[in-house]
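Reading through the structure tokens given below for one structure.
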Amino acid sequence: MEPRILVVDDEKTITDLVGIYLRNEGYQVTLAYTGADAARAILSQEFDLAVLDIMLPDIDGFELLRTIRADHTYPVIMLTARDSQADKIEGLTLGADDYVVKPFRPLELVARVKAQLRRYTSYGSRDQAEESQLLSVNGLTINRDSRVVTVDEKPVRTTPLEYAILLYLVEHQGKVVPVEELFQAVWKEEFMASSNNTVMVHIRHLREKIGDDAANPRFIKNIWGVGYTIEG
């Protein structure tokens, strides 16, 4: 079945144009021009990805992101008219997966959508017939077949990026993974000066979910100036 995408922006011309481009790629697209309409769609429909404008006249994009993350882990791309680091940090902390700054080319957004959907559907679906589907370290278990993460047998809800970070670190347990390597492996983009902060925010959010104390970590250890490691 074609991926289902929610696009939310109060600028109707932008929303409609993005909808046309995404439908031309074969996606099922739901358009919303207000935060209230978007909230109703989020609560009543199933989606595989959402594109949310931050600046909406009623319910802002951050509040919609909170609504999504309360029950869903599908990718969320935020649209912002400001290239604000504070906006990006807030969005990443709440569970956003990517940012696109206005004005943007529709084809750029389509490329970001495709990349997020590939990441969302590919982790855990690789051919690993020769390997165990279960990875376990210190009470944390990842089922690569079902993409389920548990800590002390209790399920942990992760976003696609959080899952990818955790999977990469567990797959390389015992090794210190440099921040640049982790970013390139998970985001599959060129490492830039701001990328370190992006990784740090996601690690912090992931630690909160798995009950990890940064000062006395059970799982993810920060090797200052180098990167992160999970010791087996």
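Bear in mind these aren't lab numbers, they're just calculated from the coordinates by the rules spelled out. Remember, it's a predicted structure, so these values are computed and weren't measured experimentally. A quick note on method: Cβ atoms are made from the backbone with ideal geometry, for glycine too, and the neighbour counts reach across all protein chains shown.
How compact and how long is segment 134-230, expressed as Rg and Dmax of its alpha-carbon atoms in Å?
12.6, 38
Between GLN85, GLN116, GLN173, which gets the highest mean-square fluctuation from a Gaussian network model of the chain, Cα cutoff 10 Å?
GLN85
Segment 49-120: which trypsin sites (Lys or Arg not before Pro) are DSSP loop and have at most 14 other beta-carbon atoms within 10 angstrom?
Those that pass, being in a loop and sparsely packed, are ARG82.
In deg cm²/dmol and to the nearest 500, what is the mean residue ellipticity at 222 nm of the chain if only DSSP H runs of at least 4 residues count, each as -39500 (n - 2.57), divided by the residue total?
It comes out at -13000 deg cm²/dmol, rounded to the nearest 500.
Could you tell me, in Å, what Rg and Dmax come out for the Cα atoms of the chain?
17.9, 53
Which FRET efficiency value, to the nearest 0.05, is calculated for GLN184 and ASP213 with the Förster distance at 30 angstrom and r the Cβ-Cβ distance? Could the numbers behind the result be given before it?
Details: r = 28 Å, r/R0 = 0.92.
Taking R0 as 30 Å, the efficiency between GLN184 and ASP213 is 0.60.
Name the trypsin sites (Lys or Arg not before Pro) in segment 185-232 that are in a loop by DSSP and that have at most 12 other C-beta atoms within 10 Å, would you?
LYS188
Taking the number of other C-beta atoms within 10 Å as the exposure measure, put ASP87, ASP213 in order starting with the fewest.
Details: ASP87 20, ASP213 9.
Ordered by Cβ neighbours within 10 Å, fewest first: ASP213, ASP87.
If I fit a long axis through the Cα atoms of helix 35-44 and take the longest principal axis of the Cα atoms of the chain, what angle between them do I get, 0 to 90°, rounded to 10?
Once rounded, the angle reads 60 degrees.
For ARG105 and GLU11, compute 0.36 nm times the residue count separating them, minus their Cα-Cα distance, and round to one decimal in nm.
On the way: separation 94, 0.36 × 94 = 33.84 nm, distance 1.49 nm.
The ARG105-GLU11 span can extend by a further 32.4 nm.
Figure the gain on full extension for GLN85 and LYS114 (residue separation times 0.36 nm, minus the Cα-Cα span) and round it to one decimal in nm. Show your work: numbers first, answer last.
Working: separation 29, 0.36 × 29 = 10.44 nm, distance 2.42 nm.
Once the chain is fully extended between GLN85 and LYS114, it gains 8.0 nm.
Please work out the ratio of the alpha-carbon Rg of segment 4-122 to 2.2 N^0.38 Å and round it to two decimals.
Numbers: Rg = 12.7 Å, N = 119, 2.2 N^0.38 = 13.5 Å.
Against the compact-globule rule of thumb, the ratio is 0.94.
Where does helix 12-24 land angle-wise versus the long Cα axis of the chain, in degrees 0 to 90, nearest 10?
60 degrees
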